Amino acid sequence: ATGPEDVHFQGKVHWRCDDGFSLNPSAVGKRDFTVDCRAGGGGEHAAFTAKQDCFPVPCGAPPEVKNAIYSSDEMYYNTELSERSRTYTCFEGYTTTGQASGAPSFDVVCETDSNPSGKKECQPVECPTIPTHENASVKVQGKVHYTAEITVQCNEGFSTDQTTSKEAETFRIHCEAG
């Protein structure tokens with residue numbers, strides 16, 4: 001909180017809680033208060049009336065993000081960035097962009113207005129081009145993402161074990177975390 005420092009008997013000091021703090025733990029709570037300089041007990045020295053405390057503004061529980069690990073502890077504003085942020089780490093095979101080169105983690109920060117900022121999503125990584133297989137074909141529509149399983153169909157007259165078995169006409173490939 002900030003306020004003047006040189007005050008005389010019967011004077012008043014107006015205080016204001018810093019941004020991110022209020023007189024009650026609420027983003028819309030009062031931020032201003034006044035203390036008076038009054039005579040001390042028994043006519044002795046002047047003394048101030050009780051100063052009030054400024055509390056950090058709460059942001060509540062961190063926003064939910066699927067496919068990520070993060071602390072679910074309540075968030076509060078703090079002047080130290082490390083004390084008012086949460087690091088989210090995407091699960092294996094997920095990034096913030098869905099590309100293998102995308103960031104695997106991000107921070108959400110409790111702001112002075114009690115709103116968290118910086119939330120992103122953890123998206124499954126898009127697999128590279130499906131490899132071609134000699135004497136076989138793949139029919140895929142759209143993009144293929146992490147954990148997808150793709151069936152490869154052998155061309156007529158070919159199989160995975162050189163037999164005519166129906167089970168040997170196809171095989172599966174998987175999109176892995178790279």
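What to note about this one:
- Selection within the stretch 57-102 - open to solvent by less than 60 Å² (accessible area, probe 1.4 Å), closer than 17 Å to SER117 by Cα and not hydrophobic (A, V, I, L, M, F, W, C): PRO58, GLY60, PRO62, PRO63, SER71, TYR77, ASN78, ARG84, SER85, ARG86, TYR88, THR96
- Taking residues in the stretch 111-135 that are of a type in the set (Gly, Ala, Ser), and partners anywhere that are not in a loop (DSSP other than H, G, I, E, B), the pairs with Cβ atoms closer than 6 Å and at least 6 places apart or on different chains are SER114/CYS59; SER117/VAL109; GLY118/ASP107; GLY118/VAL108; GLY118/VAL109.
- Checked across the stretch 106-113, the condition of being buried (at least 18 other Cβ atoms within 10 Å of the Cβ) and over 14 Å from the mean Cα position of the chain (by Cα) holds for no residue.
- One residue stands out in the stretch 111-157 among those that are in contact with a Cys (Cβ under 9 Å, 6 or more places away or on another chain) and among the small types (Gly, Ala, Ser): the one that is nearest to SER101 (Cα to Cα), namely ALA148.
The values are calculated or read from the model by the stated rules, or taken from the named source; none is laboratory data. Keep in mind that this is a model prediction, so the values were computed, not measured. Cβ atoms come from the backbone with ideal geometry, glycine included; neighbour counts cover every protein chain shown. Ligands, DNA and RNA are excluded from the accessible area calculation, which covers all protein heavy atoms including side chains. Shrake-Rupley method; radii C 1.70, N 1.55, O 1.52, S 1.80 Å.
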